[in-house]
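**Q** Structure below; questions to follow.
The values are calculated or read from the model by the stated rules, or taken from the named source; none is laboratory data. No experiment lies behind these values; they were computed from the predicted model shown. Virtual Cβ from ideal backbone geometry, glycine too; neighbours counted across all protein chains shown.
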Amino acid sequence: MPYRLPRESVSTEVARTLRRNLTSEERMLWARLRSAGLGVSFRRQEPVGRYVVDFVCYPARLVVELDGSQHLNSEADRVRDAALQVDGFHVLRFWNTEVRGNLEGVLERICTALSERL
């Protein structure tokens, strides 16, 4: 069974709400992560520590975040990434426009990160 951090203060209801309300970019990436035959599984809108992450692969300790313009130069994202890294996770961030315009490139970077971490 893969290692999981305690859920701490993250509400599972918050995660459930996020799972029900995918953005179009999250839907696009999720469809490819499920069907790409990567040899590992991802979880979507998963509580990790005190955060809910967009996608996580526990065996590789890899978090994938999709960001819109509200994340531009976000100090909160830097703090969040640092906290996840302290817990052993590698964080990849992609802009929504990258997913829409270069999904294959995004998947290639994810596959590279997976191969480096497994």
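**Q** Pull out all pairs, ordered by first then second residue, where Cβ-Cβ is under 9 Å, the residues are six or more apart or on different chains, the first lies in the stretch 72-92 and is more than 20 Å from ILE110 (Cα to Cα), and the second is assigned to a strand (DSSP E or B) and not hydrophobic (A, V, I, L, M, F, W, C).
**A** SER74/ASP67; ALA83/TYR51
**Q** Continuing with this model, one more query. Looking at this structure, is ALA83 under 26 Å from ARG50 (Cβ atoms), modelled with pLDDT under 95 and surrounded by 15 or more Cβ atoms within 10 Å (Cβ to Cβ)? Please lay out each step first, then the result.
**A** Numbers: under 26 Å from ARG50 (Cβ atoms): yes; modelled with pLDDT under 95: yes; surrounded by 15 or more Cβ atoms within 10 Å (Cβ to Cβ): yes.
Against the criterion (under 26 Å from ARG50 (Cβ atoms), modelled with pLDDT under 95 and surrounded by 15 or more Cβ atoms within 10 Å (Cβ to Cβ)), ALA83 qualifies.
**Q** A further question follows. Restricting attention to the stretch 86-118, which residues are crowded, with 17+ Cβ neighbours inside 10 Å, in a helix (DSSP H, G or I) and of a type in the set (Val, Ile, Thr)?
**A** VAL99, VAL106, ILE110
**Q** Still on this structure, I have one more. Quick one: GLN70 ticks every box in (1) modelled with pLDDT of 90 or more; (2) assigned to a helix (DSSP H, G or I) bar one, so which box is it?
**A** Result: GLN70 passes all but (1).
**Q** Considering each residue of the stretch 49-67, count those that are at pLDDT 90 or above and not in a loop (DSSP other than H, G, I, E, B), and give that number.
**A** Restricting attention to the stretch 49-67, the residues satisfying the condition of being at pLDDT 90 or above are 53-66.
If we keep only those that are not in a loop (DSSP other than H, G, I, E, B) too, we end up with 53-57, 62-66.
Result for the stretch 49-67: 10.
**Q** If you don't mind, there's one more thing I want to ask. Condition test on ARG32, is it outside any loop (DSSP other than H, G, I, E, B), touching a residue at least 40 places away in the same chain (Cβ under 8 Å), farther than 23 Å from LEU118 by Cβ and among the charged types (D, E, K, R)?
**A** Judged against the criteria, ARG32 is not a match.
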